[in-house]
Structure formats: structure tokens, C-alpha cells
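These notes are about the structure you will find just below.
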Amino acid sequence: MFSSLNHTPRRVLLSKTIPLIEESLKSIESSDPSNYGNGTGYWDDLCLGKLLLGVCLRYVAYPDPQAVEDPSEDLKIDVEATRKKAFEALKFVYSNGTKIELDHYLVYCAHYELGKLYARTGDITKARHELELVASGKPLEVNASGRKGGKYSLENALHVRTHAALEALDSGDLL
């Protein structure tokens, strides 16, 4: 779903994308949830922002091999601090999944992205656990009754990506 971010140079993520996401998050967080928009969507938007932030931070800490980087740039990235912020952002999404009204896919995507982050940090056991949660097809958000037809948006696409990630884990490939 957010696969274009993995090709984005880290300098662009750091100078443009992440500041825009953080600015949007500040605006959302400063709002009263009951008066946000038309009275709905606060938690959906907040969790979407946190998911995007977590994904971007993951790519800053662990750039994708296909990302185009300028070898002359010295970005001075604190990988440990960036990784910690990525974990916090992704865990925020699924810990607040019960408050999401419409965008249930955010919880599943957070587990998927968390699995990929664990894999990049070398914790294959936790990576597999997160990815298998997504692949299980079980409701991961408590308020799954809000889903129409028992499926969440983008479910099939996420299952394909999850199964590919599990295969990559089995073969020792980078996620």
C-alpha cells in the first residue's frame, strides 16, 4: 500500500515527508475528537498519520536496497532513536484500533509494517508473529463489527504482501 515510500531517498523523507506528517499529526492531536471534521474520523486520521510516520521512520532507519541514495550525502541518522520512534508510531495504531471507525485496514497494515521492522532489526521471531497475525485472517481490531461483508479495505492486497514477506523471512531475504 505504501510501497512507493521505500524508493524515496532518506533526505526527502527527512526534509519533506516526515515534517508534513508531523505537522498534520499536531493539527489532528490539537483537535477535540468530538468536534473533529463532521464528528467522525478523528481516530482514523490520527492512526493513518501514525502509520505513515512509522513507515517513513522505518525507511529512514533501514533504507530499502532499491532506494536511490546520494553517496556524497552524510545524513547523520541516529538509527536507534529513529527505530524507537517507528516502533512507537506503529504500536500506537494497533493499540488504538478499537477507536477506528471506518479505516480498519490501518490496524492490519500496522501489524504488517511492524513485522517488517522487526525483521530489519533481526528479531525474526517477532517479525513472523506480526506477519502471521495478518495472514491469519482473524479480526485484529476489537470493533470488527463495523466492517462490511467481514472484510476490510485492501485485505487481499495486504495478504499477498504478507505471504511474500513470510516467504522472504523463510529464505533469509531483507524485508
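The values are calculated or read from the model by the stated rules, or taken from the named source; none is laboratory data. Keep in mind it's a predicted model, so treat the numbers as computed, not measured. With ideal geometry, Cβ positions are generated from the backbone for all residues, glycine too; neighbour counts draw on all protein chains shown. The accessibility values were calculated without ligands, DNA or RNA, using every heavy atom of the protein model including side chains. Shrake-Rupley method; radii C 1.70, N 1.55, O 1.52, S 1.80 Å.
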Worksheet entry | Yes/no for Lys26 being in contact with a helix residue (DSSP H, G or I) (Cβ under 8 Å, 6 or more places away or on another chain) and basic (Lys, Arg) | no
Discussion item. Can you say whether Leu52 is at pLDDT 95 or above and under 19 Å from Leu175 (Cβ atoms), as far as the supplied structure shows?
Written reply: yes
Item to complete: Scan region 112-124 residue by residue and report those that are part of a helix (DSSP H, G or I) and closer than 20 Å to Glu80 by Cα.
Response: Glu113, Leu114, Gly115, Lys116, Leu117, Tyr118, Ala119, Arg120, Thr121, Ile124
Worksheet item: For region 125-143, which residues satisfy the criterion of being within 18 Å of Ser95 (Cα to Cα), β-branched (Val, Ile, Thr) and not in a loop (DSSP other than H, G, I, E, B)?
Response: Val134
Worksheet entry | region 138-162: number of residues that are open to solvent by 50 Å² or more (accessible area, probe 1.4 Å), modelled with pLDDT of 75 or more and β-branched (Val, Ile, Thr) | 1
Worksheet entry | In region 90-103, residue modelled with the highest pLDDT [restricted to those that are open to solvent by 10 Å² or more (accessible area, probe 1.4 Å) and not charged (D, E, K, R)] | Phe92
Worksheet item: Only one residue in Ala110, Ala135, Ala67 is under 22 Å from Arg10 (Cβ atoms) and modelled with pLDDT of 90 or more. Which one?
Response: Ala110
Discussion item. Considering only residues that are of a type in the set (Lys, Arg) and under 19 Å from Asp64 (Cα atoms), which ones fall in region 114-127?
Written reply: Lys116, Arg120
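Okay, residues lined up against (1) in a helix (DSSP H, G or I); (2) open to solvent by 60 Å² or more (accessible area, probe 1.4 Å):
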site: Arg11; (1), (2): yes, yes
site: Glu23; (1), (2): yes, yes
site: Lys26; (1), (2): yes, yes
site: Ser31; (1), (2): no, no
site: Gly39; (1), (2): no, no
site: Lys50; (1), (2): yes, no
site: Lys85; (1), (2): yes, yes
site: Glu88; (1), (2): yes, yes
Worksheet item: Mind checking which residues of region 1-44 are touching a residue at least 40 places away in the same chain (Cβ under 8 Å) and acidic (Asp, Glu)?
Response: Asp44
Worksheet, complete the sentence: Restricting attention to region 1-36, the residues that are modelled with pLDDT under 90 and under 19 Å from Glu113 (Cα atoms) number exactly 9
